[in-house]
Each structure stands twice: as C-alpha cells, then as structure tokens.
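All remarks here apply to the structure that follows.
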Amino acid sequence: MNGQLILHEDARSGNCYKIRLTAAHLDVPLTRRNYDIMAGETRTPEFLASVNANGRIPVLQIGDRFLPESNAACFWLADGSHLIPADRFARADMLRWMFWEQYNHEPSVATLRFWRAFVGEENLSEAQRGQLGAKQAGGEAALALMDEQLGRTAWLAGEAFSLADIALYAYTHVAGEGGFDLSTYPNVQRWVADVAGLPAHVLMAG
Ligand SMILES: N[C@@H](CCC(=O)N[C@@H](CS)C(=O)NCC(=O)O)C(=O)O
C-alpha cells in the first residue's frame with residue numbers, strides 16, 4: 001500500500017536503531033541504505049536535495065516520500081498498533097516521553113557517546129570540551145528521572161511497552177559508551193534488561 005520502506009541510516013546511530021527496533025516489533029521489513037556521517041555523506045548536495053534538507057539521518061522513505069526525525073518515523077510505522085496506547089492520556093504521555101527524549105536526554109546522553117566513543121575527546125573543539133560538564137550533568141539528570149519513573153511503573157508510559165520505551169532504549173542502553181554509569185540507576189538497569197528480553201528484540205549492531 002505504501003510501497004517499499006527504505007531506511008536511510010548510519011547503523012551506529014541510536015536514532016536509526018529506534019526505527020529498526022520499531023519495525024522489528026511490528027514485523028515490518030525495511031530496506032537499509034547506509035551513509036557514513038563521519039565522512040559527511042548526509043551533507044552532499046544530492047542528499048540535501050533528495051533525502052533530507054536538514055542533512056541528517058535517519059530518514060524513512062515511504063514510497064516516494066521522505067520522513068526525517070526518528071520519533072516521527074517510529075510513529076508512522078506504529079500508528080494503530082499495540083506500540084501506541086489506545087487510551088488518550090496514555091497516548092499523550094507516550095509522546096511526552098518521546099519529546100522529552102529529544103530535548104532532555106538525546107542532546108546529553110547521545111552527544112557524549114558520539115564525542116567520547118566516535119570523535120574522541122582529544123579531537124573535540126574548545127567549545128565542545130567546555131560543554132562536557134554540562135552534558136554529563138544533563139545526562140545524569142535525565143537518567144535519574146527515568147529511574148524515578150521506572151521505580152513506579154513497568155514501562156515509561158505506564159504498564160504497557162510502547163514507543164516511549166523504544167525511543168529511550170536506543171541511547172540509554174549504550175549510555176556507558178558516553179561515560180555514564182548505569183549501575184547508579186537500578187530501575188533503568190531492570191528496564192534495559194526487560195526491553196532486551198522481549199521476543200521481537202533486535203540488537204543495535206544487527
Ligand atoms: N532529531 C533527529 C536527530 C538526527 C541526527 O542528529 N542525526 C545525526 C546522527 S544520530 C546525523 O545525521 N548527523 C550527521 C550530521 O549532522 O551531519 C532525529 O531524531 O532523527
């Protein structure tokens with residue numbers, strides 16, 4: 001009905017992994033097209049003109065239409081499925097966690113992973129080095145908030161696994177690569193194991 005689904009991605013990116021994990025839970029096949037973001041492959045004139053004018057992956061291509069932004073792509077895939085709560089409040093609460101992920105979690109937890117595990121601290125600019133402390137504190141505050149929620153409910157948006165868990169699992173389970181100690185957050189650790197134990201789970205490097 002929607003033609004072929006193509007994921008434009010860099011397989012090392014947690015934002016791209018969110019879409020693969022959502023598709024796995026829905027048993028939806030994706031064709032994968034890889035770009036090396038470290039080599040600027042999402043900044044070429046061709047990519048900007050035909051895939052995403054914002055110069056970033058992931059982009060989910062649905063037939064001849066292109067949908068950037070990881071959480072929007074997950075939402076498109078999961079619309080009407082068990083990954084989105086039927087209850088109106090729970091559905092909005094799921095979105096709350098996904099917006100929060102983009103504003104309060106990903107900019108610290110994912111950026112520090114990118115800087116420390118891929119760029120290397122010795123290669124950071126002066127300005128980036130100056131942000132290390134604030135990003136560490138921001139990431140710790142985000143993980144603490146998740147830990148508080150997951151001490152009260154099984155999953156982030158209540159008692160059912162949802163897109164909120166997928167969106168936040170992507171970078172949380174590899175937060176150690178960014179210099180965060182997940183053993184400080186026992187409820188997050190329990191939840192990471194629960195997500196990874198679901199039958200449809202796929203690994204990030206898969
Ligand atoms: N808010 C976007 C973030 C996309 C993003 O930052 N993508 C990064 C990789 S995770 C990227 O493409 N970086 C390459 C570049 O900026 O040149 C999303 O959730 O999809």
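Derivation of every value follows stated rules applied to the coordinates shown; laboratory data play no part. These numbers come from a predicted model, not from an experiment. In this analysis, Cβ positions are derived from the backbone assuming ideal geometry, glycine residues included, and neighbour counts consider all displayed protein chains.
Is it the case that Ile84 is more than 13 Å from the ligand (Cβ to nearest atom) and either farther than 26 Å from Tyr103 by Cα or basic (Lys, Arg) (or both)? Here the answer is no, as Ile84 does not meet what is asked. Flag set for Arg152, criterion: assigned to a loop (DSSP other than H, G, I, E, B) and free of Cβ contacts under 8 Å to residues at least 24 places away in the same chain. The helices (runs of 4 or more DSSP H) found wholly in the range 1-111 and carrying at least 1 residues that are buried (at least 18 other Cβ atoms within 10 Å of the Cβ), of a type in the set (A, V, I, L, M, F, W, C) and touching a strand residue (DSSP E or B) at 6+ places or on another chain (Cβ under 6 Å) occupy 14-26, 70-78. Hey, does the range 87-105 have a residue that's in contact with a helix residue (DSSP H, G or I) (Cβ under 8 Å, 6 or more places away or on another chain), within 13 Å of Glu9 (Cβ to Cβ) and more than 9 Å from the ligand (Cβ to nearest atom)? No, there is no match, as no residue in the range 87-105 is in contact with a helix residue (DSSP H, G or I) (Cβ under 8 Å, 6 or more places away or on another chain), within 13 Å of Glu9 (Cβ to Cβ) and more than 9 Å from the ligand (Cβ to nearest atom).
Can you tell me which of Leu124, Leu132 is surrounded by 15 or more Cβ atoms within 10 Å (Cβ to Cβ), hydrophobic (A, V, I, L, M, F, W, C), without any contact (Cβ under 8 Å) to a residue 40 or more places away in the chain and within 16 Å of the ligand (Cβ to nearest atom)? Don't jump to the end; show me each part of the working.
Values: Leu132 fails: within 16 Å of the ligand (Cβ to nearest atom).
None of the other options fit; the residue is Leu124.
Filtering the range 65-80 to residues that are within 12 Å of the ligand (Cβ to nearest atom) and in contact (Cβ under 8 Å) with a residue 40 or more places away in the chain leaves Ser70, Asn71, Ala73, Cys74, Phe75.
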